[in-house]
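To keep things clear, I will list the structure first and then write my remarks on it.
The values are calculated or read from the model by the stated rules, or taken from the named source; none is laboratory data. Note that the structure is predicted; figures quoted are calculated from it, not measured. Glycine gets a Cβ as well: all are built from the backbone with ideal geometry, and neighbour counts include every protein chain shown.
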Amino acid sequence: MRKMPPLNSLKCFEAAARNGSFNGAADELCVSVSAISHQIKQLESYLNIEVFHRKTRTIELTEAGKKYYPILRDAFERIADGTSALLKPQDSNTLTIQLYSTIAIRWLIPKLNKFNKQHPEINVRIHTSYEDVDFDHSDVDACIKIGSKTNSELEFSYLFTSELFPVCSPSFLDNFPTLSTAENLSDAPILQVYPSSIDWSLWLKQAGVQGVEPDAGLRFDSYDHALTTALQGLGIAMGMQPYVSNELTNNMLIEPFPELRCKHPDSWYFVCRKERSHLKKVKIFKEWLVEQIESSPELASLRAE
């Protein structure tokens, strides 16, 4: 059985924490200050933990309250978003797309102005995450992800298959002249992306490089952070298309072992629920997305499936 405090107490705590006062919470929820205070005491009694320090004119979250508040804030926001989505027609003019922050920042977002001009009737809402969409618990219309076709209830539209290859700044290579051969990577700081933790292992294995620890080095939660660190000359990162196109073109990053590129074992897909694949806004965006890929010499050559 779920251990759940009274919902009204949670609602009052979230409002008080967000407004920074019982007065603000009372105004927002249209109740008295004493009612807010009573609900907070009821919550603290239930938890057997104080969530606020009461001062003469102010309140302040305790350490426990600071941990609890963001959990409740996110929960109430999801309830509000889910309710709004439920009350809107599915084929509204808002299209919610989830994708990883790196491909959003480095590839898709700079192109969205073109989509907006071609289809002003569709409002694109971008949601970024380093995790894949849980379509069972999310109201996202579609996502762009790297992976494999793992769910028969979803429609997977193939986009392209990236290659993996190390990249670094010219200044970094100047400081590590021994990187003329990949075996000497053991002497250089490696930059990791922990949601894609197998990438270095895959590349080292396919390149036939031994004696390099694939789990060494700094760890980041996105390719964008790792590549930005590489731009500063602080290490060698793993690159893939289309993440590093601009930097390679402008010699901001270089590829020390261009002959050792390897194919990524997973591919990029546009994914949506099958029951939403017929929606006009989804079909239009998918077709536009494929057009952008096919018009890019770099990515068109990677559409091997």
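At a glance:
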| item | result |
| --- | --- |
| Which listed residue, of Y100, Y69, is in contact with a helix residue (DSSP H, G or I) (Cβ under 7 Å, 6 or more places away or on another chain), in contact (Cβ under 8 Å) with a residue 40 or more places away in the chain and buried (at least 17 other Cβ atoms within 10 Å of the Cβ) | Y69 |
| Among (1) among the hydroxyl-bearing types (S, T, Y); (2) modelled with pLDDT of 85 or more; (3) farther than 24 Å from D134 by Cα, the one test that Y69 misses | (3) |
| Matching residues, region 130-164, being under 18 Å from L248 (Cα atoms) and either out of contact with any helix residue (DSSP H, G or I) (no Cβ under 7 Å at 6 or more places or on another chain) or among the polar types (S, T, N, Q) (or both) | S162, E163 |
| Condition met for A142 (more than 30 Å from N23 (Cα to Cα) and touching a Lys or Arg at 6+ places or on another chain (Cβ under 8 Å)) | yes |
| Selection within region 102-129 - more than 11 Å from L289 (Cβ to Cβ) and among the basic types (K, R) | R106, K114, K117, R125 |
| Residue list for region 55-73, filter: outside any helix (DSSP H, G or I) and out of contact with any His (no Cβ under 9 Å at 6 or more places or on another chain) | K55, T56, R57, T58 |
| Residue in region 28-37 that is part of a loop (DSSP other than H, G, I, E, B), at pLDDT below 90 and of a type in the set (S, T, Y) present | no |
| Residues satisfying the stated conditions in region 235-273, i.e. surrounded by fewer than 15 Cβ atoms within 10 Å (Cβ to Cβ), over 23 Å from the mean Cα position of the chain (by Cα) and farther than 24 Å from L202 by Cα | T249, N250, N251 |
| Subset of region 98-137 [within 28 Å of T229 (Cα to Cα) and either in the same structural domain as Y194 (by TED's automatic domain parsing) or part of a loop (DSSP other than H, G, I, E, B) (or both)] | Y100, S129, Y130, E131, D132, V133 |
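Rundown of residues vs (1) touching a Leu at 6+ places or on another chain (Cβ under 7 Å); (2) within 30 Å of S157 (Cβ to Cβ), yes/no style:
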{"residue": "G211", "(1), (2)": "no, no"}
{"residue": "T229", "(1), (2)": "yes, no"}
{"residue": "I254", "(1), (2)": "yes, no"}
{"residue": "E259", "(1), (2)": "no, no"}
{"residue": "E275", "(1), (2)": "no, yes"}
{"residue": "H278", "(1), (2)": "no, yes"}
{"residue": "E291", "(1), (2)": "no, yes"}
